[in-house]
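No value in this document is a laboratory result; all are computed from the given coordinates. Note that the structure is a prediction, hence the values are computed from the model and not measured. Glycine also receives a Cβ, built like all others from the backbone with ideal geometry; neighbour counts cover every protein chain displayed.
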Amino acid sequence: MYKQTCTNLLNLTPVEVTAWLNSFDAVISDCDGVLWVYGNAIGGSVDTMNQLKKMGKSIYFCTNNSTKTRAELLAKGVELGFQITEEGIISTAHATAEYLKHRNFNKCVYIIGSEGIAQELDAVGIRHTRVGPDVMQGNLGEFMAKHLKLDSNIGAVVVGFDEHFSFPKMTKAASYLSDPNCLFIATNTDERFPMPSFVVPGSGSFVNAIKTCAEREPFVIGKPNPAICESLIKHKKINPARTLMIGDRANTDILLGYNCGFQTLLVGTGIHHLCDVQRWKRSTNPEDKKLIPDVYLPKLGDLLPAIVNTMTHGSY
């Protein structure tokens, strides 16, 4: 229904919106930029998600944010008023730990990231290096001669968001990755987080730096890699054709939907907007076509009146 047309739901009739609402049973939503921004719920998002759950939809929150554990993300969602459970939280920090656990990983992980990754690794009994600052001491020669110390038991390098990213960390990561048996894992590749007057580098910026230096490609845990939703599909908790993916970033959220065979909804409260979609429609690059969503809304809360109308007068 409306496959890759970027149809504005606000331009549809109530009957058409009701038919669309009835076309999916599960909802997977991105968090930052869709449900909340700067820790504050976006207007109407709480009521919209809770009403979708009341309609009988299965609800999942899926985030590339590796700085928080599932428990922390659950606490944040509940505090904002979302009716969500820990099983409904899909996070890259937790997924990274589960990925290593299922591989029976028994060595030590070198982390470029934050406490979210460390705590999720702790939860499954996987050893890791400390997170936090690792600053350059002296000049390059002094650093290499006196301060560069490598752990011989590192079996994986995990790269996520790290506000303490540094030259020593990049040097150590690339050195570990010179061993082809050392796993190279990226929690996600989100490039940046635009703010009103500046830009914050995202995990993808750090991943690309390590990738360039190590001359290796990472295995990406998070969106748009279908692996992030593999368990839901494998255990038949969702039917891809009747699952809606909601996001604000096309090259992660919408592309995940494309890769998994989900329906897709782009909201204009985050990274990508209608002007971006128009550019992709004009592009001759087939990869750009994958970024075009099925439907669009200025914000998720705009769906609330249609849901209420459907629950009152329509079938669901």
For this session: Work from the charge dipole of the chain (Cβ charges, +1 for Lys and Arg, -1 for Asp and Glu, about the Cα centre) and give the residue of Ser197, His102, Asn153 farthest towards its positive end.
Result: His102
Exercise. Which far-off residues, 5 or more places away or on another chain, put their amide H under 5 Å from the one on Val220, with H placed in the peptide plane?
Worked result: Ala186
For this session: Let me have the 222 nm mean residue ellipticity of the chain computed from DSSP H runs of 4+ only, each contributing -39500 (n - 2.57), with the sum over all residues rounded to the nearest 500.
Result: -9500 deg cm²/dmol
Exercise. By the scheme Lys and Arg +1, Asp and Glu -1, what is the net charge of all other residues having a beta-carbon under 11 Å from that of Glu120?
Worked result: -1
Problem set entry | Rounded to the nearest 20 debye, dipole of the range 95-220 from Cβ charges on Lys, Arg, Asp, Glu | 320
Exercise. Could you give me the ³J(HN,Hα) list for the range 108-120, computed from phi with Karplus coefficients 6.51, -1.76, 1.60 and θ = phi - 60°, whole Hz, x at Gly and Pro?
Worked result: 10, 9, 8, 9, 10, x, 10, 4, x, 5, 4, 5, 5
Seminar exercise, completed: In the neighbourhood of Gly132 defined by beta carbon distances under 12 Å, the net charge of the other residues (Lys, Arg +1; Asp, Glu -1) is -2
Exercise. What is the log10 of I(q)/I(0) for the range 1-76, computed with the Debye formula using one identical point scatterer on each Cα and no solvent, at q = 0.14, 0.16, 0.21, 0.23 Å⁻¹?
Worked result: -0.57, -0.73, -1.12, -1.24
For this session: Could you state the angle between the C-alpha long axis of helix 92-102 and the longest principal axis of the C-alpha atoms of the chain, as a value from 0 to 90 degrees rounded to the nearest 10?
Result: 70
Problem set entry | Whole-Hz ³J(HN,Hα) from phi, Karplus 6.51 cos²θ - 1.76 cosθ + 1.60, for the range 122-129, glycine and proline x | 4, 5, 10, x, 9, 6, 7, 7
Problem set entry | Interchain or long-range residues, amide H under 5 Å from Ser29's placed H | Tyr60, Phe61, Cys62, Ile246
Exercise. Which whole-angstrom value gives the distance between the alpha carbon centres of the range 228-249 and the range 147-219?
Worked result: 28
Seminar exercise, completed: Cβ density ranking, 10 Å radius, fewest first, applied to Thr5, Thr171, Thr310 yields Thr5, Thr171, Thr310
Seminar exercise, completed: Most exposed first, judged by fewest Cβ atoms within 10 angstrom, Met144, Met245 run Met144, Met245
Exercise. For the chain, what is the charge dipole size about the Cα centre, in debye to the nearest 20, if Lys and Arg each add +1 at the Cβ and Asp and Glu each add -1 at the Cβ?
Worked result: 520
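Antiparallel as a % of all DSSP beta bridges within the chain, to the nearest 5?
Once the DSSP bridges in the chain are tallied, antiparallel ones form about 15 percent.
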Problem set entry | Proximal lysines relative to Lys146, as straight alpha-carbon distance under 21 Å, when same-chain residues fewer than 8 apart are discounted | Lys169, Lys172
Problem set entry | In sequence order, calculated HN-Hα J values of the range 29-44 (Karplus, 6.51, -1.76, 1.60; Hz; x Gly/Pro) | 10, 5, 9, 4, x, 10, 9, 8, 9, 6, x, 10, 5, 6, x, x
For this session: Please arrange Ser175, Ser114, Ser203 by counting, for each residue, the other beta carbons lying within 10 Å of its beta carbon, fewest first.
Result: Ser175, Ser114, Ser203
